[in-house]
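J.: Okay, handing you the structure first.
No value in this document is a laboratory result; all are computed from the given coordinates. Here the structure is a predicted model, which is why all the values come from computation and not from measurement. Every residue, glycine as well, gets a Cβ built from its backbone with ideal geometry; the counts of neighbours run over all protein chains shown.
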Amino acid sequence: MKFNKVISMLSYLFVLAFLLGCGAEDDVDGNDKTQDVAFQSTKMLNDFANSVVLATYTDLDNKAGELLDAVKQLKDNTTQTNLVTAQEAWKATRKPWEQSEAFLFGPVDTQGLDPALDSWPVDHVNLQSVLDSSDNITVDYVNGLEDTQKGFHTIEFLLFRDGNQRKASDFTQRELEYLVSTTENLKASTSQLRLAWAAEGENFSSSVAQAGTGSIIYTSQSAAVQEMVNGMITIADEVANGKLSDPYNQSDTTLVESQFSFNSISDFQDNIRGIQNVYLGKYINDGQGLNEFVSSKDADLDSRFQSELKNAIDTIGAIPDPFRDSITTSPSSVQEAIDAVSKVQLTLEQNILPLVQSSEFN
């Protein structure tokens with residue numbers, strides 16, 4: 001009995017010491033649990049790399065394949081129905097691309113895929129020079145063209161032209177050849193981009209997911225998380241101070257992105273949805289996002305930022321279509337959208353980025 005009491009007391013002291021020790025390790029700066037943050041940040045980076053970036057690029061590549069099938073069908077059977085199908089396929093492919101602009105770093109930058117896919121505004125004179133030439137328009141020929149003569153907006157120009165519904169009967173054989181070849185070029189770029197992040201390719205996802213634990217690109221998790229935040233800042237700045245502001249301030253419709261398809265407003269909304277995807281850690285499937293880290297530090301900041309994102313998307317959506325007309329006919333709605341997106345940018349720069357920079361992830 002006495003022995004059992006001694007054992008019980010020793011057990012009690014051992015457990016007490018263990019609990020106190022855990023508390024001393026985990027309770028850093030009040031409520032900040034360093035080991036919890038390290039564990040969560042690892043999952044967050046993995047989910048960002050795979051559930052957001054790779055998932056978006058995979059969707060983009062799949063949609064680009066559907067677009068290629070649609071334009072080939074249009075070339076083989078140039079009917080109005082097939083033209084509309086190809087136009088809708090272009091818009092569908094556009095969505096994952098615009099959302100991916102919230103993370104224009106890594107292979108999309110280093111391999112020159114962003115300008116190859118999405119240079120704008122397109123040069124009408126140079127596009128027409130391709131059509132007027134006697135050159136054989138093949139995918140190899142398109143590969144050698146300037147970035148402004150291929151990619152999304154060249155395809156858009158050929159499919160839509162002036163924003164009004166184009167007639168299939170107006171297509172020339174040269175236009176159809178150019179359309180198919182430049183879409184083949186776009187599909188090759190989307191496949192290259194997907195493989196750059198995929199495990200069966202260059203596996204850039206692992207460089208992000210393993211930040212601080214084996215990644216030669218990101219020597220710390222903090223560096224990778226800052227890259228995420230800076231990617232969001234970059235696209236918020238581009239939407240507020242470029243895509244919305246430039247044509248608005250200069251009253252110049254030639255500066256409007258996706259002007260031929262009247263898809264500009266959807267483009268801008270999808271750019272902000274891309275920020276939302278990164279912040280929440282989700283695309284098709286829901287993962288752990290930066291919001292869970294921010295909420296653990298400042299719940300009010302998290303709530304405010306999520307509201308600002310929603311407001312920016314809604315305010316852009318309130319601009320009357322088409323955007324190229326609204327820059328002069330509804331300037332107040334454009335200015336409200338600029339202000340809403342600028343607020344998103346400001347919160348990222350002044351609140352979320354400093355919070356990340358001041359935190360230890362590993």
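J.: Build a GNM of the chain with springs between Cα atoms under 10 Å: which of 137, 313, 216 gets the top mean-square fluctuation?
T.: With Cα springs under 10 Å in the chain, the top fluctuation among 137, 313, 216 is at 216.
J.: Okay, next question. Please work out how much length the chain gains when fully extended from residue 251 to residue 174, using 0.36 nm per residue of separation minus the C-alpha to C-alpha distance, in nm with one decimal.
T.: So the chain would gain 24.4 nm between residue 251 and residue 174.
J.: Quick one: putting +1 on the C-beta of Lys and Arg, -1 on the C-beta of Asp and Glu, what dipole do you get for the chain around its Cα centre, in Debye to the nearest 20?
T.: Dipole size: approximately 960 debye.
J.: Next question, about the same structure. Kyte-Doolittle mean at least 0.5 and Cα extent at least 30 Å along the axis: which DSSP H helices of the chain qualify?
T.: Taking the DSSP H segments of the chain (at least 30 Å long, mean hydropathy at least 0.5), we get 2-26.
J.: Grab the beta carbon distance between residue 328 and residue 241, set R0 = 30 Å, and tell me the FRET efficiency rounded to 0.05.
T.: Details: r = 19 Å, r/R0 = 0.64.
For residue 328 and residue 241, the calculated efficiency is 0.95.
J.: Treat the count of other C-beta atoms within 10 Å as a stand-in for reagent exposure and order 175, 200, 146, 349 from fewest to most.
T.: Lowest count first: 200, 146, 349, 175.
J.: I would also like to ask the following. How would you rank 314, 114, going from fewest to most other Cβ atoms within 10 Å of each one's own Cβ? Working shown, then result.
T.: On the way: 314 13, 114 20.
Ordered by Cβ neighbours within 10 Å, fewest first: 314, 114.
J.: If eta is 1.306 mPa s and T is 10 °C, what Stokes-Einstein diffusion coefficient results for the stretch 290-362, Kirkwood Rh from Cα pairs, in µm²/s?
T.: Estimated diffusion coefficient is 117 µm²/s.
J.: Right, another one. Which parts of the stretch 259-297 would a label at residue 321 reach, counting a residue when its backbone N lies under 20 Å from a point 7 Å out along Cα-to-Cβ?
T.: Correct set: 259-274.
J.: Separate question: P(r) tail for the stretch 159-301, what percent of Cα pairs lie past 20 Å?
T.: Value for the stretch 159-301: 67 percent of Cα pairs lie more than 20 Å apart.
J.: So how do 124, 153 line up by other beta-carbon neighbours within 10 Å, fewest first?
T.: By the 10 Å Cβ count, ascending, the order reads 124, 153.
J.: I would also like to ask the following. Between residue 213 and residue 66, what length in nm is gained on full extension when 0.36 nm per residue of separation is reduced by their alpha carbon distance?
T.: 49.1 nm
J.: Do the sum for the chain: with -39,500 (n - 2.57) for every DSSP H run of n ≥ 4, divided by all residues, what is the mean residue ellipticity at 222 nm, to the nearest 500 deg cm²/dmol? Before the final figure, lay out each step's value.
T.: Values: 19 runs with 243 residues, N = 362.
Calculated mean residue ellipticity at 222 nm is -21000 deg cm²/dmol.
J.: Any chance you could tell me what percent of the C-alpha pair distances in the stretch 39-357 go past 25 Å?
T.: 51
J.: Still on this structure: With labels modelled as points extended 7 Å from the Cα through the Cβ direction, what inter-label distance (nm, one decimal) is found for residue 167 paired with residue 358?
T.: 6.5
J.: Are there any trypsin sites (Lys or Arg not before Pro) in the stretch 149-187 that are in a DSSP loop and have at most 12 other Cβ atoms within 10 Å? List them by number.
T.: Sites meeting the loop and neighbour criteria: 167.
J.: Under 22 Å from the Cα of residue 187, which lysines turn up, not counting those fewer than eight places away in the same chain?
T.: Straight-line reach from residue 187, under 22 Å: 63, 72, 75, 91, 95, 150.
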